[in-house]
Each structure stands twice: as structure tokens, then as C-alpha cells.
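The values are calculated or read from the model by the stated rules, or taken from the named source; none is laboratory data. This structure is a prediction, so every number in the text was calculated from the model and none was measured. Positions of Cβ are backbone-derived with ideal geometry, glycine not excepted, and every protein chain shown enters the neighbour counts. Just the protein is used for accessible areas: all its heavy atoms, side chains included, with ligands, DNA and RNA removed. Shrake-Rupley method; radii C 1.70, N 1.55, O 1.52, S 1.80 Å.
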Amino acid sequence: MARRSSWDPYRPIRNESPARDVLWSILAHALVLGLAYYLTQLRPASSDVSGRVQATRNAAFQAAATQRLNDLSSAEAALAQRSQDTAPPPFRPIRSARDALEQARARYDALKKKHVDLPTLPKMPRTEAEALAQLAQLETQLAATSTRDAQSGSPGAASAAGDAKGGPGGARLAGSAGDAELTPFDVATDRGRGADVVPRGRFSSIPPLDAPVRAAGGRSVGPGGTYANRLYVDTWYVVGPFDAIGDQPLEHQELPELAVDLDGTYAGKSGRTLTWRHVQASEYPLFLPDPSESAVYYGYTELRLDRDREIWAWIGADDAAKVWVDDRLVWKGGAPVKPWFLRDARSMKREIADYNLSEGKIRLRLSAGRHRVLFKLYNGAEVMFFSLVLSDAQERSNAALVHP
């Protein structure tokens with residue numbers, strides 16, 4: 001311990017513990033060096049995450065553009081079949097959405113010389129997102145031309161148009177809520193498309209069951225499994241939370257809507273780094289991990305069917321959801337007043353037992369094989385869940401789905 005002599009106040013201080021001073025010096029230097037190392041490592045780590053996010057973004061745009069080109073090629077083949085032309089050559093490998101659009105525009109210009117009813121092309125866009133939108137527009141225009149030709153009475157054109165619309169293994173929407181074949185249900189969608197709009201101030205109702213419940217979880221339909229007439233899709237890859245942007249968060253597109261990359265890295269809410277997580281639900285409905293208010297989540301899974309089937313897809317969400325099957329939007333919910341908005345869904349024992357926290361159902365006609373399903377879920381506050389339950393839409397009430 002350092003002290004002064006009591007009899008000489010001007011005498012220099014004598015240090016009686018040099019070892020302790022050396023120890024404190026070593027600790028101080030270690031602390032400074034550790035802090036310096038942390039600061040030097042912080043920026044490269046952040047840069048590495050940004051690089052992975054950008055790589056995921058580039059891959060998503062490239063995958064989505066490749067899919068758009070495949071769709072465009074199918075529509076082009078339909079037109080060629082109608083006019084008895086030779087099949088078009090395949091597109092070259094692409095590096096970006098703009099690269100894909102340049103090829104598509106050149107092919108479209110050539111087709112327009114033979115099919116004068118095709119609209120004039122808009123200007124070449126500047127961004128990747130705009131390029132993807134124009135690719136989808138070109139495919140829609142070609143498919144519409146094939147459909148018009150099919151309706152004009154050409155058998156070859158009718159077959160070609162059908163191939164361009166769906167294709168083996170593709171999901172085909174059997175109808176919308178206005179069709180007589182569909183059981184009406186109360187749910188609101190944008191401008192009333194695809195469903196009956198619930199008047200404001202009126203409660204939406206849960207669709208009644210069409211048979212005594214024998215439910216099971218899974219995502220495959222076919223022999224060799226448990227007998228069930230309601231199949232709860234309980235296995236998903238999920239990613240989130242993303243920021244809820246604007247007054248209509250479901251309309252703001254995030255990268256998983258362009259292409260699902262289960263190895264991808266995303267920039268999430270409040271600067272979080274997001275990756276896909278595998279979730280096997282242990283209860284009904286699916287409560288997503290890491291819940292956050294004013295946030296958006298995505299879920300991806302694959303259904304497997306042993307044969308061609310027409311199925312009811314019973315869908316429920318808190319707060320609102322979109323659902324795509326094989327890249328086609330088949331559902332956009334968002335009833336103004338759902339039963340579980342005024343009562344905690346976890347307390348609705350009867351509906352949970354029936355696997356029926358559903359705001360509506362839609363009929364899908366699916367071919368045998370594998371089908372991709374993607375949902376987008378918006379959560380405003382408090383409880384958040386998603387429910388997808390399948391039942392047979394063709395057979396009588398004693399028919400069943402069997403999941404392996």
C-alpha cells in the first residue's frame with residue numbers, strides 16, 4: 001500500500017505493493033486489447049451478414065425470373081401449337097431478372113409479328129422488381145391470347161392453353177366464392193375478389209363442418225397412414241418477423257414471395273438477421289415462434305398427393321394471411337371481425353378439437369405429386385396463429401384423407 005511518511009510530508013511516495021500494480025496494469029491492457037479486438041471484428045461481421053442478405057436477394061430475383069421464363073415458354077409453346085409452328089428454342093441461362101426480360105422481350109417482339117392481337121410492349125424497366133412484374137405481364141398476355149384462340153374453337157389451341165395454364169403437378173383453382181359449387185363463407189378480401197365481403201359491424205362466422213371429425217396432423221395424402229377426414233398441415237419452415245410496412249402490410253412484398261430459399265438470410269424487423277426455421281407443431285393451431293407485434297411472417301411447406309384430388313383448404317389466421325399454392329395466389333383473407341378477435345383463440349376448445357379455427361374454405365383441384373404451399377401472415381398485436389386444414393371435396397362425408 002502506498003503511503004506518505006508522517007514526519008516528512010514532502011518525501012516522495014513509496015510503493016509497497018509493486019506486484020499488485022503490475023497485475024492491475026496487465027488487466028487494464030487486456031481490457032483495452034479485448035475492446036479493440038471486439039471493435040475490429042464488429043464491422044466485418046456486419047458486412048458478412050449484409051453480404052449474405054444481398055446474395056439471398058440476388059438468388060431470389062434470379063430464381064423468380066427463371067420461373068417466369070419457364071411460364072412464358074409454356075405460353076409460347078401453346079401459341080406455337082395453335083399455329084402449327086415449330087416449338088420455340090429454350091431460353092439461355094440468365095444472370096438477373098433484367099437479363100431474363102431482355103430475352104423475353106425479343107421473343108415477344110417476334111411473336112407479335114405473327115399474332116397482331118398481342119399488346120405493344122411497355123418501356124424496359126430499370127429495377128429487378130419491375131422486370132419481374134413485366135415478365136409476369138408478358139406471360140399473362142400470351143396465356144390470354146391462347147385462351148381466346150381456344151374459345152374460338154381450335155382443338156389444338158384448347159389443349160395448348162390448358163397446358164400453359166397449369167401443367168403436370170400444378171395447382172388449379174376450381175372456382176371462387178361466387179360459384180354455385182362452393183359453400184359460401186364470410187370473409188373479406190380486397191375489393192371482394194374470391195370471397196363474400198363481411199359488412200362492417202357484422203361478425204364473420206366459422207364455416208360448419210361437413211362430417212364428424214376424425215382429424216390428424218401431416219402433409220401427405222395417400223395409403224399407408226392414419227385414417228382421417230381432416231388433415232391439419234402441421235409441418236412448416238417459417239421465417240420472420242419482418243417489418244409490417246404501410247396500412248396494408250400484406251401488399252408489401254418481401255423476398256420469400258419472389259422465391260423460397262431455405263438457406264437464405266434476410267434483413268428482419270428492428271435490424272434482426274433472419275433465417276428459415278423448421279417447425280413441427282405440437283398443438284393446433286400453428287403458433288409461430290418469436291412472436292412480435294406489427295410484423296409479417298412467412299411459412300413454407302410441401303403437400304404430397306397420391307392421386308388427382310379435389311380438396312377443401314380450410315384457412316384461418318390471426319390477424320390476416322395470404323396463401324399461394326404452386327406460386328398461384330389462392331387465398332387472401334382479412335375478415336374485419338373474426339370470432340377470435342374478441343376472444344382468445346386458445347380458449348375456443350370446441351373449434352380447436354374440431355381443427356376448425358377457420359375463417360373460410362376454398363376448393364382446389366390438385367394433381368398427383370408434390371405441391372408447394374407458401375403463406376404470409378400479418379400480426380397486429382397479441383395472439384398470432386395460422387391454420388391450414390384439408391378435407392376431401394369430392395367424396396361423401398364418410399370419405400377420408402389418409403396421411404402416411
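Some points to look at:
- Residue list for segment 1-53, restricted to those being modelled with pLDDT of 55 or more, within 30 Å of R95 (Cα to Cα) and open to solvent by 90 Å² or more (accessible area, probe 1.4 Å): R52
- Verdict on L286 being surrounded by 14 or more Cβ atoms within 10 Å (Cβ to Cβ) and of a type in the set (A, V, I, L, M): yes
- If you go through segment 83-120 and keep only what is open to solvent by 30 Å² or more (accessible area, probe 1.4 Å), touching a residue at least 12 places away in the same chain (Cβ under 8 Å) and either touching a Pro at 6+ places or on another chain (Cβ under 8 Å) or hydrophobic (A, V, I, L, M, F, W, C) (or both), you end up with F91, R98, R107.
- Number of the exception - N229 against (1) modelled with pLDDT under 90; (2) farther than 19 Å from R363 by Cα: (2)
- Within segment 198-207, tally of residues that are over 15 Å from A353 (Cβ atoms) and either modelled with pLDDT of 80 or more or surrounded by 15 or more Cβ atoms within 10 Å (Cβ to Cβ) (or both): 4
- Evaluated against (1) more than 30 Å from S347 (Cα to Cα); (2) open to solvent by less than 60 Å² (accessible area, probe 1.4 Å), E251 falls short on exactly one condition, (2).
- Test: residue in segment 361-376 that is farther than 24 Å from A215 by Cα and at pLDDT 90 or above: yes
- Taking residues in segment 240-262 that are touching a residue at least 12 places away in the same chain (Cβ under 8 Å), and partners anywhere that are part of a loop (DSSP other than H, G, I, E, B) and of a type in the set (G, A, S), the pairs with Cβ atoms closer than 7 Å and at least 6 places apart or on different chains are G240/G268; P241/G268; P241/S292; F242/G268; A244/S294; H252/G246.
- Residue in segment 65-77 that is acidic (D, E), under 30 Å from H252 (Cβ atoms) and open to solvent by less than 90 Å² (accessible area, probe 1.4 Å) present: yes
- When restricted to residues that are among the small types (G, A, S) and under 16 Å from A60 (Cβ atoms), segment 251-304 contains 4.
- Of residues in segment 240-277 being among the aliphatic types (A, V, I, L, M) and assigned to a helix (DSSP H, G or I), the one farthest from A64 (Cα to Cα): L250
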